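Novice: Can you read through this structure? Questions will come right after.
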């Protein structure tokens, strides 16, 4: 055996075999690449491989019999292997083999790296709005419904990142190239399509695109006879097929029930009160059409919770939210959308953060690529005092939905709670760069300078450009910003067009309370007490309709302070703080403590007030900082006190940002 190997080496058979294998492998790789580009028949590649394999034994036999020399091809027995020319030829042969091996190894490594990158990046997709190719404009609603359901179905797929509807809306009817869109959204795969409807027939065409190569990976057309019963079956079929094409795991998606009954779509908006009622009305109509439409019931529940949380604080609205979500969960207990709604209701209606977290985690398991899930998780974690975890959840929401302004707004407030001016401003800059940013969201960015630095300029300019507003937070600031700037005539003028009471998330101010504050700041104490007496009566009545709510209580404390009733002032300050204990609610709790300081400023001496302010300003999380608090005229009498000046020096973020 050893003699045979030595003879093979002597005759260069092994060298020839190795060289042949390397050359054949290179030919096969080049051929595979070229044939794929021309979409050639697989038979061509199979034939080539057979020929290359057949050539190996022929090469070995020829190498055994013949030898290539500088003088040409000769039989092996006629070759003088001791000649210098023969040895030089052998070294050249070795160098050729080494070169081929290096080339093969390089190709192998690059190919593996390239394949790994593709696998990683293929786990994300942006589904562009489906184009309406129908003759009637009303079919656009149908196309949008297909798009929404497609996003929902793909959002159920584990390990698949789906860019949300908000982020892709700007690309409707776009002329941008696929590569440009993909770069902007941070994905490598796009889905585009169209819907053409004619009578009771519909054609849905979709194409999956590898945006890095501008190459169509897959396309399909669906021609269907349209009926209310099969709409969602068609949508689910498309979503599943696309997911398979992306080699995604469909296990999570198949655990969810697919509704096969007609469903009306309702508008969802957690903004001005009138639009909340409009959304509830639309969803209620949907339930009247389909009494088992659980998702619509969930929408009604969430909007009642929003109404309770942002405006009314009426137990009637909270109870309706719970009734509707309970009814929906009886029908579809495992629907992650309903679990997400349940989480929000527990969070907003009952301050049950543990229960809300459990429900949000259930929603996450069912919709791991839904940005709203991580938005909810971030909010619950933030209120539980787990700020760092909340930031991570918001980051995940931003990755999944890089165009969702609301996520960036939540991020702003999280950094504000931590006193991180730079972090808040970074998020504000991102909001300002988003085409989806509404005036309301832009307004959020102006609160950084107001609440953290006590600077009113940016917000004043913003509000002057917003003559007609109906959002609670803006209504409140329309009245209170000129008050902080000592523009008292403008306060009373703004009040003429405001509802009574003016309600925001942390605020409830009756007109009489605002007038009492203005009169007191102007030094008209008798008239101020008259308005404060009226305000106490009104706020007491409101507190009875809002049990366990601090908003009317903390405002009433300030009215008692204007009246000089020290005992009632302290009682209301303590009551409002106890309703939202800081250890249980590090977000709302500090806000009511801060408002209590305004009342205490009218009944305490400067040293006592400084102690109370020190306790508040030392809290880890808070929304209002010392420079903002001192804008209020109630602190004017204390401003020159050494203890108060020392607090400003210790806690002023304005000083920290200018040094």
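Novice: Under the condition of being without any contact (Cβ under 8 Å) to a residue 24 or more places away in the chain and within 22 Å of residue 586 (Cα to Cα), which residue from segment 426-469 is surrounded by the most Cβ atoms within 10 Å (Cβ to Cβ)?
Specialist: Among those residues, the one meeting the criterion is 427.
Novice: For segment 531-564, give me each residue that is closer than 21 Å to residue 605 by Cα and over 36 Å from the mean Cα position of the chain (by Cα).
Specialist: If the condition is that a residue be closer than 21 Å to residue 605 by Cα and over 36 Å from the mean Cα position of the chain (by Cα), then 556, 557, 558, 559, 560, 561, 562, 563, 564 are the ones that fit.
Novice: If you check residue 535 against the conditions, is it buried (at least 20 other Cβ atoms within 10 Å of the Cβ), more than 27 Å from residue 440 (Cα to Cα) and touching a residue at least 40 places away in the same chain (Cβ under 8 Å)?
Specialist: Judged against the criteria, residue 535 is not a match.
The rows are residues; the columns are (1) at pLDDT 95 or above; (2) within 22 Å of residue 513 (Cα to Cα); (3) outside the structural domain of residue 640 (by TED's automatic domain parsing).
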residue	(1), (2), (3)
586	no, no, no
593	yes, yes, no
597	yes, yes, no
601	yes, yes, no
611	yes, no, no
616	yes, no, no
621	no, no, no
626	yes, no, no
630	yes, yes, no
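Novice: Could you run through segment 466-497 and say how many residues are assigned to a loop (DSSP other than H, G, I, E, B) and either on the phi > 0 side of the Ramachandran plot or modelled with pLDDT of 85 or more (or both)?
Specialist: Final tally of qualifying residues: 4.
Novice: Specify which of the listed residues (509, 477) is under 30 Å from the mean Cα position of the chain (by Cα) and crowded, with 18+ Cβ neighbours inside 10 Å.
Specialist: Residue meeting the stated conditions: 477.
Novice: Turning to a different aspect of this structure: Take the residues of segment 638-655 that are assigned to a helix (DSSP H, G or I) and without any contact (Cβ under 8 Å) to a residue 24 or more places away in the chain: which is nearest to residue 455 (Cα to Cα)?
Specialist: Result: 655.
Novice: Here is a further query. Go through segment 182-196 and count every residue that is over 17 Å from residue 217 (Cα atoms) and buried (at least 20 other Cβ atoms within 10 Å of the Cβ).
Specialist: Count: 2.
Novice: Further, regarding this structure: Any chance segment 254-273 includes a residue that's in a helix (DSSP H, G or I) and modelled with pLDDT of 50 or more?
Specialist: The answer is yes, given that some residue of segment 254-273 is in a helix (DSSP H, G or I) and modelled with pLDDT of 50 or more.
Novice: To continue, here is another question. Just checking, does segment 338-346 include any residue being touching a residue at least 24 places away in the same chain (Cβ under 8 Å), closer than 22 Å to residue 169 by Cβ, outside the structural domain of residue 628 (by TED's automatic domain parsing) and touching a helix residue (DSSP H, G or I) at 6+ places or on another chain (Cβ under 6 Å)?
Specialist: Among the residues of segment 338-346, at least one is touching a residue at least 24 places away in the same chain (Cβ under 8 Å), closer than 22 Å to residue 169 by Cβ, outside the structural domain of residue 628 (by TED's automatic domain parsing) and touching a helix residue (DSSP H, G or I) at 6+ places or on another chain (Cβ under 6 Å), which makes the answer yes.
Novice: Also: Among the numbered criteria (1) closer than 25 Å to residue 406 by Cβ; (2) surrounded by 15 or more Cβ atoms within 10 Å (Cβ to Cβ); (3) more than 22 Å from the chain's Cα centre (by Cα); (4) at pLDDT below 80, which single criterion is violated by residue 246?
Specialist: (1)
Novice: Check segment 282-296 and report whether any residue there is outside the structural domain of residue 552 (by TED's automatic domain parsing), free of Cβ contacts under 8 Å to residues at least 24 places away in the same chain, surrounded by fewer than 20 Cβ atoms within 10 Å (Cβ to Cβ) and not in a helix (DSSP H, G or I).
Specialist: yes
Novice: Can you tell me which residues in segment 411-425 are touching a helix residue (DSSP H, G or I) at 6+ places or on another chain (Cβ under 7 Å), surrounded by fewer than 21 Cβ atoms within 10 Å (Cβ to Cβ) and closer than 18 Å to residue 397 by Cα?
Specialist: Once the filter is applied, which keeps residues that are touching a helix residue (DSSP H, G or I) at 6+ places or on another chain (Cβ under 7 Å), surrounded by fewer than 21 Cβ atoms within 10 Å (Cβ to Cβ) and closer than 18 Å to residue 397 by Cα, segment 411-425 yields only 423.
The values are calculated or read from the model by the stated rules, or taken from the named source; none is laboratory data. Keep in mind it's a predicted model, so treat the numbers as computed, not measured. We place every Cβ from the backbone using ideal geometry, glycine too, and count neighbours over all the protein chains shown.
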